[in-house]
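Colleague: To start, I am sharing the structure in question, which I have written as structure tokens.
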Amino acid sequence: MTKSFVFIGLSLILTMTACTDTARDGPSTRYPEPIASLVVPAGHPTAISQERTLTVFAAASLTGAFREIGMGFESTYPGVSVNFNFAGSQILRAQIEQGAVADVFASADHNNMDVLFPDELIVVDSYRDFTTNRLTVILPPGNPGNVQDLGDLAKANLKLVLADSSVPAGNYARQIFTKMSMDPVYGVDFMTKVLANIVSNETDVKQVVTKVELGEADAGIVYVSDSITARDHLTISIPENFNIVASYPIAILTTALEPDLAVAFVDYVISPTGQAVLSKWGFSPMID
Amino acid sequence: MKISPSLFTRSTKDGSPGLEFILPSLVLISLIGLPIVALIWRSLNADIFTHSISESVANALKLSLITSTFSVTISLLAGTPLAYIQAHWKFHGKALLDLLVDLPVVLPPSVAGIALLLAFGREGLFGTWLNRIGITLPFTTVAVVMAQVFVSAPLLVRSARVGFAAIDPQMEEAAKVEGASNWNVFRLIMLPIAARALLTGVILSWTRALGEFGATLLFAGNLEGKTQTMPLAIYIGFEQGLGIALVLSMILLAVSLLLLILLRRLELQSHH
């Protein structure tokens, strides 16, 4: 009994080692030395042969884009693997405040990044915006709530799902409703009516997408980037004068275990290659 | 902390202090104990009372009490007969039924939530039909109760089943020979004897229902006063300066401890 368990355990370990070996050897033969030398500090030629892990905390809305960026980064820097923690920015921020160890933090808003300044949790020089996103209304296939325009969001008994007000996307959605309430077309009570239609405040924006995709809600407010990756849905775009341009900041954490890799990752995100991936996933470039 | 004398004398008699037992145990004790200590410590040092009166805390507390009470009542009313069937009837497919009823105990709650949504959601397998007759379940308090019953009822059924199974079948036979009906055998003989097992089941399922998080979040969503139970409020409150999360955590910790002590009492009584 015990013997067979030991055997299974050993063979598992052997298989896993075999896998990592091929993963390490594969790409390194394909990429030229100069790129690799970028991350290897001078005088440490052996550093590249070690497995290194970069930990990136990123807003849930970045899930698709950052996974692809991570794969590109890994193939550019052989021997490096990128670990992602995707969640609502407010949850990632709280985790960092409570001592979670990460190298890079990419937030969907400035609020959740800025509160990390006083506790000296982020490297001030590394703080920069790297992409923007806008919001849009998504509807499930078949439009069960018969939502034809933005004004319909206020009609009685509509099932509206938003991200919680503590989540950047939820906060932006509420800002949009505030702006719309100031427009006589929608009226001052627009905000109250819309808020009364909320059936759930989800913990991150991807949950809003899921609830709408499954047809459980009549409408939801998500990022344009989410509406691009969602499978079945209709959208109603929000005009510029009501919409919010969400700037996404990225920064290196002072507790980073791999500060030089973190710098390389941020550079990669800002590089034309990184920006092209972001644009493919529905994000917009920075506005200067 | 008190070390029982028997353990103490045994270890000195052997000449070994028993470190090979104590050290591994300490690993587990610290893993469980330290977070609890930290939780209590932080709560004592936080300005906990400014949050304790907040409306969201009160709403979550009220909703949790109401929904878990409903859940346990439903589990008891439907679970007791089911446990009786499982313990005393012989039929084809019984093994399959046992497996089905026990499944939620080991199933991750998030899987339960998705399954509930796919079955009873507006576009779900049965939900479309319910929707046609005007019943929509997701995002309602009913959905919270359904999620809680799904994950907690099996605990009650398991406990009750063990209680019923322990009763000598001859007693049942004898009563029937005397002319007692099925219902009277159940009501007058089985229920009183299995009462303690049932009560244990009630406590176990109540704690589980109170702590339900994953299935609720997926199936019922998160809306204060309607579907936001204490565990959801703790999760949402976690990023709002910890205060709300701490207050609710302390309440849940206290309730859990209380129910656990009750459970211990019951176990001790049944051994005497």
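The values are calculated or read from the model by the stated rules, or taken from the named source; none is laboratory data. Worth saying up front: this structure is predicted, and the values here are computed from it rather than measured. All Cβ positions, glycine included, derive from the backbone under ideal geometry; neighbour counts span all protein chains shown.
This table checks each residue for (1) closer than 20 Å to A:His110 by Cα; (2) in the same structural domain as A:Val124 (by TED's automatic domain parsing); (3) touching a residue at least 12 places away in the same chain (Cβ under 8 Å); (4) not small (Gly, Ala, Ser).
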{"residue": "A:Val208", "(1), (2), (3), (4)": "no, no, yes, yes"}
{"residue": "A:Lys211", "(1), (2), (3), (4)": "no, no, yes, yes"}
{"residue": "A:Asp218", "(1), (2), (3), (4)": "no, no, yes, yes"}
{"residue": "A:Thr273", "(1), (2), (3), (4)": "no, yes, yes, yes"}
{"residue": "A:Ala276", "(1), (2), (3), (4)": "no, yes, no, no"}
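Colleague: Here's a follow-up. Tell me, please, whether a residue that is farther than 16 Å from A:Ala262 by Cβ, within 14 Å of another protein chain (Cβ to nearest Cβ) and of a type in the set (A, V, I, L, M, F, W, C) can be found in region A:64-82.
Modeller: no
Colleague: Of everything in region A:97-137, what is more than 16 Å from the chain's Cα centre (by Cα) and buried (at least 23 other Cβ atoms within 10 Å of the Cβ)? Give them in sequence order. Please lay out each step first, then the result.
Modeller: Going through region A:97-137, the residues more than 16 Å from the chain's Cα centre (by Cα) turn out to be A:97-101, A:114-127, A:136-137.
Passing the criteria: A:Ile122, A:Val137.
Colleague: Here's another thing I want to ask about it. I need the full set of residues from region A:220-249 which are crowded, with 17+ Cβ neighbours inside 10 Å and within 14 Å of another protein chain (Cβ to nearest Cβ), in order please.
Modeller: A:Gly220, A:His233
Colleague: Continuing with this model, one more query. Being out of contact with any helix residue (DSSP H, G or I) (no Cβ under 6 Å at 6 or more places or on another chain) and hydroxyl-bearing (Ser, Thr, Tyr) is true for just one of B:Thr136, B:Thr200, B:Thr207. Which residue is that?
Modeller: Values: B:Thr200 fails: out of contact with any helix residue (DSSP H, G or I) (no Cβ under 6 Å at 6 or more places or on another chain); B:Thr207 fails: out of contact with any helix residue (DSSP H, G or I) (no Cβ under 6 Å at 6 or more places or on another chain).
Residue meeting the stated conditions: B:Thr136.
Colleague: Let me ask you something else. Surrounded by fewer than 18 Cβ atoms within 10 Å (Cβ to Cβ) and either out of contact with any Lys or Arg (no Cβ under 6 Å at 6 or more places or on another chain) or in contact (Cβ under 8 Å) with a residue 12 or more places away in the chain (or both) - does that describe any residue in region B:155-165?
Modeller: yes
Colleague: How about region B:199-243: which of its residues are within 11 Å of chain A (Cβ to nearest Cβ), in a helix (DSSP H, G or I) and surrounded by fewer than 21 Cβ atoms within 10 Å (Cβ to Cβ)?
Modeller: Once the filter is applied, which keeps residues that are within 11 Å of chain A (Cβ to nearest Cβ), in a helix (DSSP H, G or I) and surrounded by fewer than 21 Cβ atoms within 10 Å (Cβ to Cβ), region B:199-243 yields only B:Tyr235.
Colleague: Pull up region A:187-219, narrow it to residues that are facing chain B (nearest Cβ under 10 Å) and among the small types (Gly, Ala, Ser), then point me to the one that is surrounded by the fewest Cβ atoms within 10 Å (Cβ to Cβ).
Modeller: A:Gly215
Colleague: Shifting gears a bit: Criterion first (under 19 Å from the mean Cα position of the chain (by Cα) and either exposed (fewer than 11 other Cβ atoms within 10 Å of the Cβ) or assigned to a helix (DSSP H, G or I) (or both)) does B:Phe70 satisfy it?
Modeller: When the stated conditions are applied, B:Phe70 passes them.
Colleague: Determine if region B:111-122 includes at least one residue that is of a type in the set (Phe, Trp, Tyr), over 23 Å from B:Leu218 (Cβ atoms) and part of a helix (DSSP H, G or I).
Modeller: no
Colleague: Hand me the list of strands (runs of 3 or more DSSP E) wholly inside region A:126-186 holding 2 or more residues that are within 14 Å of another protein chain (Cβ to nearest Cβ) and under 30 Å from A:Ile91 (Cα atoms).
Modeller: Those strands (runs of 3 or more DSSP E) span A:160-163.
Colleague: Tally up the residues in region B:123-163 that are in a loop (DSSP other than H, G, I, E, B) and not charged (D, E, K, R), please.
Modeller: Residues flagged as in a loop (DSSP other than H, G, I, E, B) and not charged (D, E, K, R) within region B:123-163 amount to 11.
Colleague: If A:Val263 passes every condition in (1) modelled with pLDDT of 95 or more; (2) under 18 Å from the mean Cα position of the chain (by Cα) but one, which one does it miss?
Modeller: The failed condition is (2).
Colleague: Let me ask something else. Return the residues of region A:187-202 that are in a loop (DSSP other than H, G, I, E, B) and touching a strand residue (DSSP E or B) at 6+ places or on another chain (Cβ under 7 Å); say none if nothing qualifies.
Modeller: Of everything in region A:187-202, just one residue is in a loop (DSSP other than H, G, I, E, B) and touching a strand residue (DSSP E or B) at 6+ places or on another chain (Cβ under 7 Å), namely A:Asn197.
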